[in-house]
């Protein structure tokens, strides 16, 4: 018989409110000119750290929107297709980083239109409010962050909106005011032979995601204002249940063991 133990821990958001460095680009900046570029000063020290560019090759009939880290202390989350690097797309509230993320200091493609041996058009083509994951080293500390942008479906333009970073990790879209987490939500956990239920003393559960240690998401069902987890669906191990509520966000560390 599997046994289930739990520990309440503050895990979401990944950064304390005072630690997040957030910048709103005012106004939102659109790059539409051929080979036009935006130089992003990610850590706001007066030196460009990333270049985002629309590249047009009229001979090869190719249009691309790409991101270049400028220097080996800056990198972007990416995935490979046919040995081509594409920027990884994150959704709002996704943790950055996930343990499976890879980061590159080389060019990563956001969107592509035209002939290519890579067989992929990029994860950002035709997107609105999409997030790219960033990593930065400074004074022996690793910072993770995000940039939010829109990309035209025909790769004619892109728009930069805002960005943020924080030591050790951050949620996509997390800003100073995005999540009020001055108090850890008051979780109530009950257990029977079949399932575990995580509910709230006050407030409503808005969303729940369950991850194993490889950051693979597994089912987390919400019913009757409780997160309900059937024990038989899980292998022994450590899991993190991330919960977003009307009173803040937090997480529960869950350990399933064989009897």
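A few remarks follow.
- Between region 21-37 and region 111-127, the alpha-carbon centres lie 21 Å apart.
- Kirkwood-based Rg to Rh ratio, region 21-171, C-alpha trace: 0.94
- Spin-label model, residue 129/residue 72: points 7 Å from Cα along the beta carbon direction are separated by 3.9 nm.
- Sites residue 41 and residue 194, calculated FRET efficiency, Cβ-Cβ separation with R0 45 Å, nearest 0.05: 0.25
- Between residue 24 and residue 212, full extension at 0.36 nm per residue minus the direct alpha carbon distance yields a gain of 64.3 nm.
- Alpha-carbon centroid distance for the pair region 49-100 / region 137-155, whole angstrom: 9 Å
- Its relative contact order, with pairs defined as Cα atoms under 8 Å and 6+ residues apart, puts region 91-158 at 31 percent.
Any read-out appearing in this document is the output of simple, stated calculations on the displayed coordinates, not a laboratory observation. This structure is a prediction, so every number in the text was calculated from the model and none was measured. Neighbour counts run over all protein chains shown; Cβ positions are idealised from the backbone, glycine included.
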